[in-house]
Amino acid sequence: MNADYALQHLIDPEVCIRCNTCESTCPIGAVTHDARNYVVDFARCNACNACIPPCPTGAIDHWQTVRRSTPYTLDDQLGWDSLPTPVEVETAAAADIPDEVRRLTAAASAGVAGSASAPWSAASPCVNLFAPSDPAIARVTGNYRLTAGDASADIRHIVLDFGSTAFPVLEGQSIGIVPPGSDESGRPHYVRLYSIASPRDGERPGYNNVALTVKRVGVDHDGRPVAGTASNYLCNLAIGDEVQVVGPYGASYLMPNHPRSSLMMICTGTGSAPMRAMTERRRRRRALNEGGELLLFFGARVEHELPYFGPLMKLPKDFIDVNFAYSRVPRQPKVYVQDRIRERAATVARLLADDDCYIYVCGLKGMEAGVIDAFRDVCVAHRLEWDSLQSTLVAKGRLHIETY
Ligand code: A2P
């Protein structure tokens, strides 16, 4: 083995859409970012590959042979607009890359490491049809406020029409929006990812359009006032405006297609987008009598902050079992989705144990642990064992979590 050389894990800044998936997946904190780039720390990365399968674009899956003494530093990588041309290394040295690193890298490229799988009956998704260097152009055909005028959150339902450009999507997939213009340093804004809120046959059936659920961002993660670049751009769009769209992305957060498959959906706020897409898909196919249950847990501050409240209330009770959780109703105790899950323990336990039920969680990062704890409690009360069940759910593509 030639210890002078190593494979360095790199992220392609031209393809990366800065969705943070890699950083949040990396178990050892080897991925980091600044306002521009996501980068991998050579000194920390152990090529465990946990970050490779979840990356929606494949930008994460790049490896270059480097001298161990002079790898690309974090500062090098943070300054890149594109990947550098690989440095030529002596053939003998390249051949001496440790076998273990070769094996791991090959596995990474094949996308096999701990990948969350799609439901067995999910349709095959198209991914990465349009890259930031060559985006699709869509036209705005709708921009409606979903939350009440006096609600603190401005959440909008935005419809984008692709005209004659093929942009096939499935429920649960995301698209990337490229805000026009550039940042303070003069570089183009990077892509922001939004879950599609419409079913595969279009927001309007048979039309080549998609809907998004977008919340106008007015504060940063620390609560300081800031106008979110992409969300404000989208929320201010007028009918007829052109939008640059990339993607679609996502190959595992997909719905099952087989008859009698059930959906358990748990969301907060704009995390309702994929739930709306899946619910609408099922609603449009209701006449086919394919069966299967829909169980929804939906959390919001108050009723008038809940996107799609009106349409949800109109859906027949024998079609979807809706459980709202409100956290800020005056003089009422705070209720979270996980509280409602515990209240519905018998139904939740039955569906957790049902091989034909698929579970989707989308919304605030904080609810993820709360929902898992609630599942654990439900299992304890119903003679199920959560830890082994969770592994089974993931292995069978039955548990899908997307939080931010
Ligand atoms: P809260 O009133 O405590 O913030 P938002 O409106 O900010 O998008 O949040 C949507 C809903 O999710 C709100 O009801 C919010 O409650 C709730 N929420 C916040 N944190 C959690 C959590 N850790 N688990 C479940 N729900 C949460």
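Amide H contacts under 5 Å for PHE130: GLY247, restricted to partners 5 or more places along the chain or on a different chain, H placed in the peptide plane at 1.01 Å from N. Exposure proxy shown here: for CYS45, CYS22, the number of other Cβ atoms within 10 Å sets the order, fewest to most, as CYS45, CYS22. Compared with the dominant Cα axis of the chain, that is its longest principal axis, helix 99-110 is turned about 40°. Coupling constants for region 396-404 follow from the phi torsions by the Karplus curve (6.51 cos²θ - 1.76 cosθ + 1.60, θ = phi - 60°), and in residue order they are 8, x, 9, 10, 10, 10, 9, 10, 8 Hz; glycine and proline get x. Relative to the 2.2 N^0.38 Å rule of thumb, region 222-344 has a C-alpha radius of gyration ratio of 1.26.
Taking amide H positions as modeled 1.01 Å from N, with prolines and chain starts lacking one, the residues under 5 Å from GLY292 and 5 or more places away or on another chain are ARG260.
So what's the net charge close to VAL214: Lys and Arg +1, Asp and Glu -1, counting the other residues with Cβ under 10 Å from its Cβ? Provide the component values of the computation, followed by the final result.
Working: positive: ARG156, ARG192, LYS215, ARG216; negative: ASP154.
Local charge sum for VAL214: +3.
In this calculation the C-beta distance from ASN20 to ARG204 is compared with R0 = 22 Å, giving a FRET efficiency of 0.10.
Working ranking of peptides 365-371, 245-251, 327-333, 212-218 by packing, defined as the average number of other Cβ atoms within 10 Å per residue, highest first, is 245-251, 212-218, 365-371, 327-333.
Taking a 24 Å limit on the Cα-Cα distance, which of the listed pairs LYS334/LYS365; LYS334/LYS396; LYS215/LYS334 fall beyond it? LYS334/LYS396, as the Cα separations exceed 24 Å there. For LEU10, the residues 5 or more places off, or on other chains, whose built amide H falls under 5 Å of its own are HIS62, TRP63, GLN64.
The 3J(HN,Hα) values that the Karplus relation (6.51, -1.76, 1.60; θ = phi - 60°) gives for region 336-353 are, in residue order, 10, 4, 5, 5, 5, 4, 5, 4, 9, 3, 4, 5, 5, 4, 4, 6, 4, 7 Hz. Gly and Pro appear as x.
At 222 nm, what value in deg cm²/dmol follows for the chain if DSSP H runs of at least 4 each add -39500 (n - 2.57) and the sum is divided by all its residues, to the nearest 500?
Working: 11 runs with 95 residues, N = 404.
One gets -6500 deg cm²/dmol as the mean residue ellipticity at 222 nm.
Each Lys and Arg adds +1 at its Cβ and each Asp and Glu adds -1 at its Cβ; summed about the Cα centre, region 256-360 shows a dipole of about 320 debye.
Relative to the longest principal axis of the Cα atoms of the chain, the long axis of helix 365-381 makes an angle of roughly 60 degrees.
Evaluated at q = 0.10 Å⁻¹, a Debye calculation over the C-alpha positions of region 266-404 (equal weights, vacuum) places log10 I(q)/I(0) at -0.33. Between helix 272-284 and the chain there is an angle of about 60 degrees, using the helix long axis and the longest principal axis of the Cα atoms.
Kirkwood hydrodynamic radius (Cα pairs, Å) of the chain?
One decimal place: 22.7 Å for the Kirkwood radius.
Quick check on the chain: of the DSSP beta bridges with both residues there, what percent are antiparallel, nearest 5%?
Working: 38 of 61 bridges.
Percentage antiparallel, nearest 5: 60.
Readers should treat all values here as calculations from the given coordinates under stated rules, not as data from a laboratory. No experiment lies behind these values; they were computed from the predicted model shown. Don't worry about glycine lacking a Cβ; one is built from the backbone with ideal geometry, like all the others, and counts go over all protein chains shown.
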